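Quick one: the structure is below, and I'll ask about it shortly.
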Amino acid sequence: MARRATKTAAVESAATTSLTTYKGFNKDWTCRDFQYEVGKTYEHEGAVVRCASGGFHSCEHPLDTWTYYEPNVSRFAQVTASGDIDREHGGDTKIASGKLTIDFELSLGDMARKAVAYVAGLVKASLDTNVTAGYGAHSSTAGEGAHSSTAGTRAHSSTAGTRAHSSTAGEGAHSSTAGTRAHSSTAGYGAHSSTAGTRAHSSTAGEGAHSSTAGTRAHSSTAGEGAHSSTAGTRAHSSTAGTRAHSSTAGEGAHSSTAGTRAHSSTAGYGAHSSTAGEGAHSSTAGEGAHSSTAGTRAHSSTAGEGAHSSTAGEGAHSSTAGYGAHSEVNGDNSIAHSAGRFGTASAVAGSAISLAAYDESVWPPKLIAVRSSMVGENGIEAGKRYRLTTAGEFEEVSE
């Protein structure tokens, strides 16, 4: 979570400071090579300095953690920051503290709900904001750093200012921000959340909710059943955790991930990553060098870009690649790893099969001259090893 601060405030007194904050981690609960554990308390000896090695970092706004840890490949927790506190005025809500307790892990849905509560708290405490609590009420702000929140059924909340926050908690409510570094969050049934600003965050936790971001490095996350998440910005992140949810990214280097049953994940950007973990979920990438992975039973993974990789781990799941030099891999039973592109490779486990193609490269365009499939254990194919097809139609083992 390192980013050089340009200005810091005076360190707050250790005697009176105790904050509920949020922290991101790698999958193994490390942060900057330091190992953490849920339920443990850690203390720093020496001066506390934000964005340096002086203290433990966390964020007061749950969604600010996504700036430092990608939501689809990281873990998050609610923590208690205490002792000396150092923060940057004018920046995001990241702080450094002399003492940190890892309270408990949070799901992406939990993070969305915490974000709604956080913004609602800002609105309640601020005089330069709009807040509505009535049925079908509307709330809107256009100023820099303004906050907007609604809690009523079918209420609408909108902000257009830089660093503005928008939050709705009512059924069918809508939340939208267009400013740089703005945050948008909804927790209501069928609610919609949208951000268009650079580094903006969008999150929904309601059933059937929609979340969309179009800004550079924007993040989008949904946790509700049947929810949709979409990002179009460069290096944007999109994640869904609900059943039958859909996640899509179109930006360069974007990441898309779904964890719900029968959810779908798709990326079209260069070097983008797409991953699904739910049963019957599908994952697809179309960009050069992109990666696609599924872990659920009967889930399918497909890539079409040059040098892209496709992998499945569930039983009955299929993996397919069509790009030049792409690799297809299956790790579940009754699955097929199919690589149809030039110089493609494939690997499979026992009980599954590989399928490869070979082309005559002496002509242009290259001509398809051989296609061959085999079960693992037949025709010299061994489990876990990578193969390609020669122009003579023979399987040839290749090193990784």
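Read-outs: derived from the displayed coordinates by stated rules, not from any lab. Worth saying up front: this structure is predicted, and the values here are computed from it rather than measured. So basically every Cβ, Gly included, is an ideal-geometry build from the backbone, and we count neighbours across all protein chains shown.
Could you list 222, 297 so that the one with the fewest beta carbons within 10 Å of its beta carbon is first and the one with the most is last?
Fewest-to-most Cβ neighbours within 10 Å comes out as 297, 222.
Once you have the Cα-Cα distance between residue 379 and residue 19, take 0.36 nm times their residue separation minus that, and quote the gain in nm to one decimal.
Fully extending the segment from residue 379 to residue 19 adds 123.3 nm.
Still on this structure, please answer the following. Can you tell me the length gained on complete extension of the stretch residue 371 to residue 40, counting 0.36 nm per residue apart and subtracting the Cα distance?
113.5 nm
Rg to Rh ratio, the stretch 284-400, alpha-carbon atoms and Kirkwood radius?
For the stretch 284-400, the value is 0.96.
Turning to a different aspect of this structure: If you line up the Cα atoms of the stretch 18-106 on their principal axes, what length do they span on each, largest first, in Å?
Projected onto the principal axes, the Cα atoms of the stretch 18-106 cover 32, 29, 22 Å.
With just the Cα atoms defining each centre, how far is the stretch 251-289 from the stretch 328-400? Give it in Å.
Each part reduced to its Cα centre gives a spacing of 24 Å.
If you don't mind, another one. Quick one: net charge around residue 378, please, counting Lys, Arg +1 and Asp, Glu -1 for every other residue with C-beta under 15 Å from its C-beta.
-1
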